[in-house]
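Reading through the structure tokens given below for one structure.
The values are calculated or read from the model by the stated rules, or taken from the named source; none is laboratory data. In this text, all values refer to a predicted model and were calculated from it rather than measured experimentally. Counting neighbours? That spans all protein chains shown, and the Cβs are built from the backbone with ideal geometry, glycine included. Accessible surface is based on the protein model in full, side chains and every heavy atom, while ligands, DNA and RNA are left aside. Shrake-Rupley method; radii C 1.70, N 1.55, O 1.52, S 1.80 Å.
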Amino acid sequence: MAASAVASPRVHDFKVVLLGEGCVGKTSLVLRYVENKFNEKHESTLQASFLTKKLTIGNRRVNLSIWDTAGQERFHALGPIYYRDSNGAILTYDITDDDSFQKVKNWVKELKKMLGTDIMLTIIGNKTDLEKQRNVSVETAEQYAESVGATHFQTSAKLNRGVEEVFLDLSRRMIEQADKQDAEKRALSPSSRSTAAGNVVLLEETPAAPIKSGCC
Amino acid sequence: METAAARSRRDELSAILQQEVVSLDQLRSCCFHGVPDELGLRPLCWKLLLNYLPEKKSKWESALVQQRNLYRVWTEEFIISPGKQDLPEDAVDSSSRHDITCDDHPLNPNPQSTWSTYFKDNEVLVQIDKDARRLYPDMCFFQRSTEFPLRTAGSDDGTKMVAAEYLRRRIDQCVLKSNAIVKNRSGGWNISGGAKRATQYLNLSGTEEAHWEVVERMLFLYAKLNPGQSYVQGMNEIIGPLYFTFSTDKDKTYREHAEADTFFCFTNLMAEIRDRFIKHLDDSSSGIISSMNRLMGMLKEADEVLWKRLMELDVKPQYFSFRWLMVLLSQEFALPEVLHLWDALFSDAHRFDLLLDICVAMLILIRDQLLDGDFAATMKLLQNYPISDVDQILCKAVQLRRRVLDNLEQLPEHPLELTP
């Protein structure tokens, strides 16, 4: 860690949370991304699983801490400890299950209310390998995503379609957001130069209180 | 190689079980160190330890007959003919038993209506279905067909169905229904949902049931009989090891009734731990949050350095011990180890205090690694617990409990006779 700081690539530590109804494929997506594995079945997630992934985008190095959360309503109350301080959220639905898409909308509302616009949102329609059983139209989902300022992707964890792109796009947007916040910080305190110089920025240190926006 | 200790424990256990009145105290202290697998006595011991079988042997048979009959009645009432009891006779003809038709109707706004209940139950059923299918995915056992499928009495044309068929049809209906809704929105009728379901049952004929379907039926019945709890994810992880144990009993008669026996043992076990599954009890003294807080308090007591480290890293107990406590560690170890661990848990006279001791022991056993790691390393260790030797963990747990009691200056001979 310390050695790499000499070459001074910016290192970003981002926290990403996966939310969505049970059985939409959150665990499959993240296992595909982190370990490039796919199992037809795995046990249901209780509490939340923690995974990490390192990637490089341009001259930026990104360490992702990923929380794969439990889907069932029972565990909803535990959500805040996982999404609090998150830089990004991936809200997943199953394209064959319209209810799961409605649940995504609920999550968007909750996140906007609790975190404002600080958090980057990505909405994913998973299981495109089951295209024939599709119950959520692409247009509907895309329109909705646009209306809440989220990007929308379609994935198949099973066939490894679109998964990499999701995390890449989200990472790019989290970097942009981090740059923007840095710039704002600098603008607020022009005298303090220390924050600007090539320091290792730990985004977990961004202010806990989100900038409240007018949404919802 | 069998050790002398194991042999003597085996003899001791056989002797205890041969008594006309089985002494629960003796059974507990003997089973604490694990019921030897080769004797096939675990199913019997668990039935006793979970208070399903009475201590008096002479009462076993009548108790079993009574409970198994009761289970049969419930299956009929809640699965084969749901709502039948509320309906006039002619509304339930043999060909449409799973339909509910009478003065009541699907759009009845009354929440007490049979239809309304039926739809709400379907949501629970679909949820259970998702989880039961993926129970212990690494084992083929739950995907295999059962030896003794539950057959229904048979309809007028003489065809007999397995009980699982009723829930299969009901789940199929739910899937078709949701497709129909989409038809209204997007205009395209999509019938493939039904086809998709059908393929998932392809490997079983209409006269067979898979073990996971039996689990599904038990969980659905439990949800019906306990509406305050309904079904919560994790219950599948509790019932799974029980059902596995009972349905692999060496005794054929017990195997044949594994479902009913599992159901009642599960119910008894849940009576002791259910509060952890209920959201609105999270903050009560018996809820999951206070259990986690107790665990951290005990860790602080036993190893303050380690406790401090976890605090510094902001590794919250929710991140790891929520799952540990909620499903009695069944997701942390392979099934044979879980069974062994549960021998001890079920033998604990102050049931599930031991669970907290075990969790503390698990933390302390990997303290050096925990003290070394950063947040990510610590989290990964805790979520993929590295030690599989359950005996080692149990030993440590007993040691910890002894030490606590030493401090209280009241150390009886045997750890299980200790009182808090």
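Accessible surface comparison of A:K15, A:K113, A:K180, B:K380, probe 1.4 Å, protein chains only, largest first: the order is A:K113, A:K180, B:K380, A:K15.
The figure for A:E40 is an accessible area of roughly 130 square angstrom, using a 1.4 Å probe on the protein chains alone. Every Cα-Cα pair of segment A:11-165 was included, and the share exceeding 18 Å stands at 55 percent. Mind jotting down the distance between the C-alpha centroids of segment B:334-371 and segment B:232-291, whole Å? Going from one Cα centre to the other spans 18 Å. The spread of Cα positions in segment A:82-195, taken along each principal axis and listed from longest to shortest, comes to 60, 28, 25 Å. Tell me the net charge near B:E213. Cut-off is 10 Å between Cβ atoms, B:E213 excluded, with +1 for each Lys or Arg and -1 for each Asp or Glu. That works out to -2. Against the criterion of solvent-accessible heavy-atom surface with a 1.4 angstrom probe, A:E43, A:E21 sort, most first, into A:E43, A:E21.
Calculated on the alpha-carbon coordinates, the convex hull of segment B:288-347 measures out at 97 cubic angstrom per residue. Annotation: lysines with alpha-carbon distance below 26 angstrom to B:K396 (same-chain offsets under eight excluded): B:K300, B:K308, B:K316, B:K380.
A 1.4 Å probe, protein heavy atoms only, puts the accessible area of B:S230 near 30 Å². Pairs over the 29 Å Cα-Cα cut-off, from the set B:K59/B:K160; A:K37/A:K112; A:K15/A:K185: B:K59/B:K160; A:K37/A:K112. For B:K120, the lysines whose Cα falls under 24 Å of its own Cα, not counting residues fewer than eight places away in the same chain, are A:K103, A:K105, B:K84, B:K130, B:K177, B:K183, B:K196, B:K224, B:K279. With K and R counted +1 and D and E -1, the other residues having a Cβ less than 12 Å from that of B:S321 yield a net charge of +3. Residues B:M161, B:M235, sorted by accessible area with the largest first, give B:M161, B:M235 [1.4 Å probe; ligands and nucleic acids excluded].
Evaluate the Debye formula for segment B:281-392 with equal point scatterers sitting on the alpha carbons, no solvent, and hand back log10 of I(q)/I(0) at q = 0.13, 0.19, 0.22 Å⁻¹, in q order, two decimals. Here the Debye-derived log intensity ratios amount to -0.47, -1.03, -1.36. Using a probe of 1.4 Å, the accessible surface attributed to B:D374 totals some 90 Å² when neighbouring protein chains are kept in position.
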